[in-house]
Amino acid sequence: MEKKNIDWSNIGFGYIQSDYRYVSNYKDGAWDEGTITTDANIVLNECAGVLQYAQTVFEGLKAYTTEDGRIVTFRPDLNAERLESSAKRLEMPVFPKERFVDAITQLVAANEASVPPYGSGATLYIRPYIFGTNPVIGVKPADEYQFRAFVTPVGPYFKGGVKPLTICVSDFDRAAPHGTGNIKAGLNYAMSLHAIVTAHANGFDENMYLDPATRTKVEETGGANFLFVTKGGKVVTPKSDSILPSITRRSLVYVAQHYLGLEVEEREVLFTEMEDMAECGLCGTAAVISPVGKIVDHGREICLPSGMTEMGPITKKLYDTLTGIQMGRIEAPEGWIHVIR
């Protein structure tokens with residue numbers, strides 16, 4: 001299939017409308033069969049549940065063109081499972097796992113012309129989501145919902161190369177104890193907007209959120225999990241009931257153990273341990289790992305030994321190995337790569 005006339009190597013990480021999207025509606029206790037459509041617009045009642053009470057959950061994953069020319073997605077079954085957990089927490093109907101994977105397969109195949117070619121540095125970002133559609137004025141779950149998924153070609157998260165970030169310890173809490181921090185709900189990201197705008201205004205790239213109960217333990221940023229490397233070479237990731245279970249972070253942990261032979265610990269991480277860390281990265285779909293060079297705690301700077309010019313050596317190995325798996329240069333664990341074409 002002939003590709004879209006896009007300057008693949010120079011697109012940014014933003015929205016470019018594609019030709020097709022997938023839609024399925026939930027009514028009278030069941031999802032309809034779903035369909036691929038060309039209509040990018042959504043018409044809602046002014047009192048729709050999503051508009052009144054933010055009843056919406058979403059996912060994010062990517063499709064790639066591999067070195068041998070296949071079009072694939074990365075671990076979509078885990079996105080389906082996480083969307084299920086998110087939906088249950090907000091009293092929304094579950095979109096079945098098998099149907100989720102099938103919907104993504106249909107959607108990417110339909111938009112094959114928008115899948116960037118191998119080596120361009122670009123990928124196809126996939127955004128599935130569910131939201132309440134019928135009028136709701138009393139505080140209660142909606143009765144009707146829509147599952148949608150669209151795609152957009154995106155460029156690399158880092159334009160002009162990877163530059164370590166400077167992050168600050170936030171005065172805000174990302175999530176409440178026993179709240180919704182462990183699901184991918186739109187309301188969590190709305191909560192983080194003021195904090196990230198404030199961080200940017202103060203010259204920082206991102207926030208480091210501490211645990212909301214004691215404010216002594218590292219949790220995550222507004223949209224990514226943390227991964228640390230100690231000065232002894234151990235990979236450490238924070239454990240908490242109020243952080244999102246990142247699929248990228250889980251994949252990197254597996255790569256660290258089974259591909260690189262590194263020792264890995266998932267545990268509570270005290271902020272006082274930051275002085276003992278050699279490397280730090282933010283894990284997410286967009287960039288895989290965003291390296292951190294400096295952490296600022298209300299004026300006190302903690303400069304990581306990995307520096308402000310490039311990724312630390314272990315972070316770089318993790319990044320290269322996982323992206324190699326995604327792009328087909330390195331053999332993947334069974335079940336990680338879902339082939340579309």
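The values are calculated or read from the model by the stated rules, or taken from the named source; none is laboratory data. Note that the structure is a prediction, hence the values are computed from the model and not measured. Heads up, the Cβs are rebuilt from the backbone with ideal geometry, glycines too, and the neighbour counts pull from every protein chain shown. We work out accessible area using only protein heavy atoms, side chains counted, and drop any ligands, DNA or RNA first. Shrake-Rupley method; radii C 1.70, N 1.55, O 1.52, S 1.80 Å.
Points worth noting:
- Radius 9 Å from Cβ of V218, net charge of other residues (Lys, Arg +1; Asp, Glu -1): -4
- Under the Debye formula (equal points on every Cα, no solvent term), log10 I(q)/I(0) of region 45-91 at q = 0.17, 0.25, 0.30, 0.31 Å⁻¹: -0.65, -0.89, -1.04, -1.06
- Estimated from the Cβ-Cβ distance and a Förster radius of 35 angstrom, the FRET efficiency linking T309 and R215 is about 0.65.
- Selection from V269, V57, Y145 lying farthest towards where the dipole of the chain points positive, charges on Cβ: V269
- Most mobile of K97, K239, K27 in a GNM of the chain (Cα contacts under 10 Å): K27
- Solvent-accessible area, 1.4 Å probe, carbon plus sulfur percent, for the chain: 50
- Cross-link check: pairs K62/K316; K62/K184; K62/K294; K97/K140; K62/K234 evaluated at a Cα-Cα cut-off of 23 Å; pairs beyond the cut-off: K62/K294; K97/K140; K62/K234.
- Where GluC sites (Glu not before Pro) fall in DSSP loop in region 243-341, at most 10 other Cβ within 10 Å: E334
- The length gained by stretching the chain between E46 and I330 to full extension, at 0.36 nm per residue less their Cα-Cα distance, is 97.3 nm.
- Among the trypsin sites (Lys or Arg not before Pro) in region 158-213, those placed in a DSSP loop whose Cβ has at most 14 other Cβ atoms within 10 Å are K159.
- Note that region 298-341, at 25 °C in a medium of 0.890 mPa s, gets a Stokes-Einstein diffusion coefficient of 187 µm²/s from its Kirkwood radius over C-alpha pairs.
- Loop-located GluC sites (Glu not before Pro) across region 81-130 with a Cβ neighbour count of 11 or fewer within 10 Å are E91, with loop assigned by DSSP.
- Using a probe of 1.4 Å on the protein chains alone, the accessible area found for W31 is around 40 Å².
- Rounded to the nearest whole angstrom, the semi-axes of the ellipsoid equivalent to region 19-100, taken from the Cα gyration tensor as √(5λ), stand at 26, 17, 13, largest first.
- Counting only protein heavy atoms and using a 1.4 Å probe, the accessible area of V288 comes to about 10 Å².
- Computed log₁₀ I(q)/I(0) - Debye formula, equal Cα scatterers, no solvent, region 101-141, q 0.14, 0.28, 0.32, 0.33 Å⁻¹: -0.52, -1.02, -1.14, -1.16
- Across region 250-341, Cα-Cα pairs more than 23 Å apart make up 31 percent of the total.
- Applying 1/(1 + (r/R0)^6) with R0 = 35 Å to the Cβ-Cβ distance of D68 and E275 gives a FRET efficiency near 0.20.
- MRE, 222 nm, helices only [DSSP H, n ≥ 4, -39500 (n - 2.57), over the chain, to nearest 500]: -7000 deg cm²/dmol
- Two-site FRET efficiency, T37 against N134, from Cβ-Cβ distance with R₀ of 30 Å, rounded to 0.05: 0.90
- In this label model, Y254 and E301 are separated by 4.0 nm, measuring between points 7 Å along each Cα→Cβ vector.
- Region 188-341 shape via C-alpha gyration tensor axes, a/c threshold 1.5: prolate
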